[in-house]
């Protein structure tokens, strides 16, 4: 039975800790909060975690390949691990920055409801509210609806005005 050298074990622990921190950082978990929440330093947590993970696993591989049992051989293994870790840390930094700054569509507002086409899902009485389903930004939305005259179930409607975030004034078409 082969026993793992102490240096290899230390590098494996460093690598496992780096990967664990990287996973938590990429999932958006706040591990440490220092000062202003919007503060971003020159090196992100993802880059540090990616660097530490590859340093640990690269160092462990180098330890085993070099059969590192002396301080000089352990230092060489650490150097090889660091050489592999620099591009990995840079890549983790670029990848996380790209994910954070990715453009997204604007959140639909009540103004986006006007002009939408839909269908009545709960009849609209002449003096009250019913419900309609319209498509906004490609997503079906169910809203309270009011009309100038009664509108039956299944009628095709057109949104004339957004009375609030959840209710609209409609007409049949």
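Return yes or no: is residue 117 free of Cβ contacts under 8 Å to residues at least 60 places away in the same chain and on the phi < 0 side of the Ramachandran plot? Here the answer is yes, as residue 117 does meet what is asked. Could you figure out which of (1) more than 30 Å from residue 25 (Cβ to Cβ); (2) assigned by TED's automatic domain parsing to the domain that holds residue 51 isn't true of residue 166? Unmet for residue 166, out of (1) more than 30 Å from residue 25 (Cβ to Cβ); (2) assigned by TED's automatic domain parsing to the domain that holds residue 51: (2). Could you say whether any residue in the range 107-116 is crowded, with 16+ Cβ neighbours inside 10 Å, in a strand (DSSP E or B) and not assigned by TED's automatic domain parsing to the domain that holds residue 45? So far as the range 107-116 goes, no, none of its residues is crowded, with 16+ Cβ neighbours inside 10 Å, in a strand (DSSP E or B) and not assigned by TED's automatic domain parsing to the domain that holds residue 45.
Put simply, of 82, 99 the only residue that is under 30 Å from residue 45 (Cβ atoms), surrounded by fewer than 18 Cβ atoms within 10 Å (Cβ to Cβ) and modelled with pLDDT under 90 is 99.
The values are calculated or read from the model by the stated rules, or taken from the named source; none is laboratory data. As the structure is a prediction and not an experimental result, all values here were calculated from the model. Positions of Cβ are generated from backbone atoms using ideal geometry, with glycine treated the same way; all protein chains shown enter the neighbour counts.
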